[in-house]
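The values are calculated or read from the model by the stated rules, or taken from the named source; none is laboratory data. It should be emphasised that the depicted structure is a prediction, and the values quoted were computed from it without experimental measurement. A quick note on method: Cβ atoms are made from the backbone with ideal geometry, for glycine too, and the neighbour counts reach across all protein chains shown.
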């Protein structure tokens, strides 16, 4: 998958209503924890995601960023999602990095596993359970 790329963000002044709506949702602790951007190819989903990622990275609130990029067809594998997110979270937070290292000592083949549910549990959920809550973590 592709990482955050500020050059792929929305053009300045465009999509403001959508971006403001997403920023408001992200900042609302009572809102739903997950939100999907839906739309056909070329409708701006990636640009919106990169804009949100850039904004929250500037606030040091972006834990991870992942997107499937059509220009990297060979990297569009579902089994790379959670290993990439785990890597991003480990780079962002030293507590998560230590907890992830502990999990991987016990389950060395987890990052290369094709079992997406096992990856979710082992690479994301288990490390997060091993240290005090961070508060909201934004993953785009």
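Selection over segment 116-140 of residues that are under 14 Å from the mean Cα position of the chain (by Cα) and either farther than 23 Å from residue 36 by Cα or not in a helix (DSSP H, G or I) (or both) gives a count of 5.
For residue 125, the criteria (1) surrounded by fewer than 15 Cβ atoms within 10 Å (Cβ to Cβ); (2) at pLDDT below 90; (3) out of contact with any helix residue (DSSP H, G or I) (no Cβ under 9 Å at 6 or more places or on another chain) hold in every case but one, which is (2).
Selection of segment 15-45 for residues being touching a residue at least 60 places away in the same chain (Cβ under 8 Å) and either in contact with a helix residue (DSSP H, G or I) (Cβ under 6 Å, 6 or more places away or on another chain) or assigned to a loop (DSSP other than H, G, I, E, B) (or both) yields only 29. Scanning segment 78-104 for residues that are more than 26 Å from residue 56 (Cβ to Cβ) and not in a helix (DSSP H, G or I) gives no hits. Can you find a residue that is surrounded by 15 or more Cβ atoms within 10 Å (Cβ to Cβ) and assigned to a helix (DSSP H, G or I) anywhere in segment 105-115? The answer is yes, given that some residue of segment 105-115 is surrounded by 15 or more Cβ atoms within 10 Å (Cβ to Cβ) and assigned to a helix (DSSP H, G or I).
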